[in-house]
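Shown next, in structure tokens, is the structure this report addresses.
The values are calculated or read from the model by the stated rules, or taken from the named source; none is laboratory data. Worth saying up front: this structure is predicted, and the values here are computed from it rather than measured. Cβ: placed from backbone, ideal geometry, glycine included. Neighbour counts: every protein chain shown.
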Amino acid sequence: MTVFEKPKLSQCRLDLWLWAARLYKTRNLAASNIKKGLVRLSGKITTKPASPLNVGSKLVIENDWVRKTILVEEIAVKRVSFEKAKAFYKILEEDNKQAKKFFQSREKYKPNKKARRNLKALKEKLNFLSNN
């Protein structure tokens, strides 16, 4: 190691790493999701954003309807570009069955033009009745 090389970090805070790896837009958002239980560290639901994160740790992150299992490959405390941040982790599994199910169910009930007209007329009729 030369004088100008920085030693690699062995661990850092969980919320800081999630922010630096660009998995959350802000550190505060990462911390609140950790407190809600949407982030699991090595299979345990951690309620502390300051939980130590090491290289080789497995994270399970739930965002909206997507569940990602991530392996930490590099520790970072500074936020970098998205291309460089991809090197911090490896996605082991991405489960979005619930998202597919939600959007498929929405697709079934999309009204056509005639049904939209009927709904509009019904709403106007109900609004007319409630005003009297």
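In the stretch 52-89, what residues are basic (K, R) and part of a strand (DSSP E or B)? Residues satisfying the conditions are K58, R67, K68. Among residues of the stretch 33-49 being assigned to a loop (DSSP other than H, G, I, E, B) and surrounded by fewer than 13 Cβ atoms within 10 Å (Cβ to Cβ), the one that is nearest to the chain's Cα centre (by Cα) is G37. Only one of the numbered conditions (1) surrounded by 14 or more Cβ atoms within 10 Å (Cβ to Cβ); (2) touching an Asp or Glu at 6+ places or on another chain (Cβ under 9 Å) is violated by A87, and that is (1).
The set of residues in the stretch 90-117 being at pLDDT below 80, exposed (fewer than 10 other Cβ atoms within 10 Å of the Cβ) and in a helix (DSSP H, G or I) consists of Q104, S105, R106, E107, K108. Checked across the stretch 9-26, the condition of being within 26 Å of K101 (Cα to Cα) and not in a helix (DSSP H, G or I) holds for at least one residue. Do we have N54 as polar (S, T, N, Q) and assigned by TED's automatic domain parsing to the domain that holds L16 here? Taking the combined requirement at face value, the residue satisfies it. Taking the stretch 16-32 as the range and being among the basic types (K, R) and either crowded, with 16+ Cβ neighbours inside 10 Å or not assigned by TED's automatic domain parsing to the domain that holds I61 (or both) as the test, the residues that pass are R22, R27.
Please specify each residue of the stretch 47-58 satisfying the condition of being more than 10 Å from D15 (Cβ to Cβ) and without any contact (Cβ under 8 Å) to a residue 40 or more places away in the chain. Hits for the stretch 47-58 are T47, G56, S57, K58.
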